[in-house]
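The values are calculated or read from the model by the stated rules, or taken from the named source; none is laboratory data. Every value quoted in this text rests on a predicted model; they were computed, and no experiment measured them. Neighbour counts are summed over all protein chains in view; Cβ atoms, including those assigned to glycine, are modelled from backbone coordinates with ideal geometry.
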Amino acid sequence: MPRKSHQAASSSAGVGAFDTVGFVEGAAVGVEDGAEEGTAVGTVVGTCVGTGTGIGVGRGDTVGVIAGNRVEWAVCAYAVYGLGARYAPMYEHQLAKDWEYILDDSDAKLVIVSSAAIYAQVEPWCGKLGRLEHVVGMDLPGDDDTSLASVRARGLEAPCEPAAIDPSDICGFIYTSGTTGNPKGVLLSHSNIVSNINAVHSFMPMQTEDMSLAFLPWAHSFGQTCELHCLLSMGAATAFAESIPKLVENLAEVKPTILFAVPRIFNQIYDAIQKKVNAGVSHKFNVMLRVVIAIFLILVIVILHYHNMQNY
């Protein structure tokens, strides 16, 4: 069963009322089967960056993250944004040499990792690689001083207020895959991200009642913009897919009202549905079903085209 993350913005005015991204009191974040249901984002995020953590991340510093989509990814991102620092996401499946290059290239002071295995690979780089000083593990036991749970507990003792941020301040990196050489980092400002959010909302309205299924990596600009920032800004909800092979099963469980994907994913969904159809119906019915699906897709394209023309 996929996990659900219900996230709500604190302003009914929508993202257009803001020109920076960060954390605000009153917004809610929770996990369906976790202990943090309904905890305020401002409180959760504030504890991650509080002065009591002893990490000392400040304006202009870079915080790397090596993790898949999860609530902690978002919480740490908005903590970093709120400090005027920079967030540099990486993929769990990347080679260690790519992590090492990105942490050095981005001048990361802290890196937050998901698993104990990744922690064991990265921790020896502290004090030896660029400006890297600290490694924090999301999945480490709470009694470990370098676990995210421990960092948050210390942060509770001295929460940190969000910094005064200019829209032109850099808040993040998006790195290329590095398939043709070393990964190349693109700098993103607060205004870059907010502009993208407003652009999406201008042609794709979202409501607090909407639900999505997150499976695009947030280390990529598309998934991060649409599945995270756009949904959060309008108080919508998202569930985390268990895996791509279980995507069709998860879609049936979650019943999303909005789905962000790339063509390859839609092809996989179509193929999975076709296999089930082929296993239980006659060839004649199968042909008729293909015709109906084709007509439906054509109608969707025509409607979307008409809607876009009306907006111009």
* Out of Ser168, Ser177, Ser202, sole residue that is assigned to a loop (DSSP other than H, G, I, E, B), among the small types (Gly, Ala, Ser) and at pLDDT below 90 -> Ser177
* Could you pull out the residue among Val151, Val254 that is closer than 19 Å to Ala77 by Cβ and among the β-branched types (Val, Ile, Thr)? => Val151
* To do: Tell me which residues, restricted to the stretch 107-121, are farther than 16 Å from Thr62 by Cα and either touching a residue at least 24 places away in the same chain (Cβ under 8 Å) or not small (Gly, Ala, Ser) (or both).
  => Ser114, Ser115, Ala116, Ile118, Tyr119, Gln121
* Structure fact -> All conditions in (1) out of contact with any Pro (no Cβ under 7 Å at 6 or more places or on another chain); (2) at pLDDT below 95 are true of Gly82 except (1)
* Asked: Of the residues Val151, Val135, which is part of a helix (DSSP H, G or I) and either in contact (Cβ under 8 Å) with a residue 12 or more places away in the chain or assigned by TED's automatic domain parsing to the domain that holds Arg86 (or both)?
  -> Val151
* Structure fact -> Considering residues that are part of a loop (DSSP other than H, G, I, E, B) and either touching a residue at least 24 places away in the same chain (Cβ under 8 Å) or among the charged types (D, E, K, R) (or both), the number found within the stretch 76-93 is 4
* What are the residues in the stretch 235-273 that are assigned to a loop (DSSP other than H, G, I, E, B) and among the charged types (D, E, K, R), if any? -> Glu242, Lys246, Lys255
* Can you name the residue in the stretch 94-118 that is more than 16 Å from the chain's Cα centre (by Cα) and in a loop (DSSP other than H, G, I, E, B) and, of all such residues, is surrounded by the most Cβ atoms within 10 Å (Cβ to Cβ)? -> Ser106
* To do: State whether one or more residues within the stretch 50-62 are at pLDDT 85 or above, in the same structural domain as Met234 (by TED's automatic domain parsing) and within 20 Å of Ser221 (Cβ to Cβ).
  => yes
* Structure fact -> Within the stretch 119-132, the residues that are exposed (fewer than 14 other Cβ atoms within 10 Å of the Cβ) and not in a loop (DSSP other than H, G, I, E, B) are Ala120, Pro124
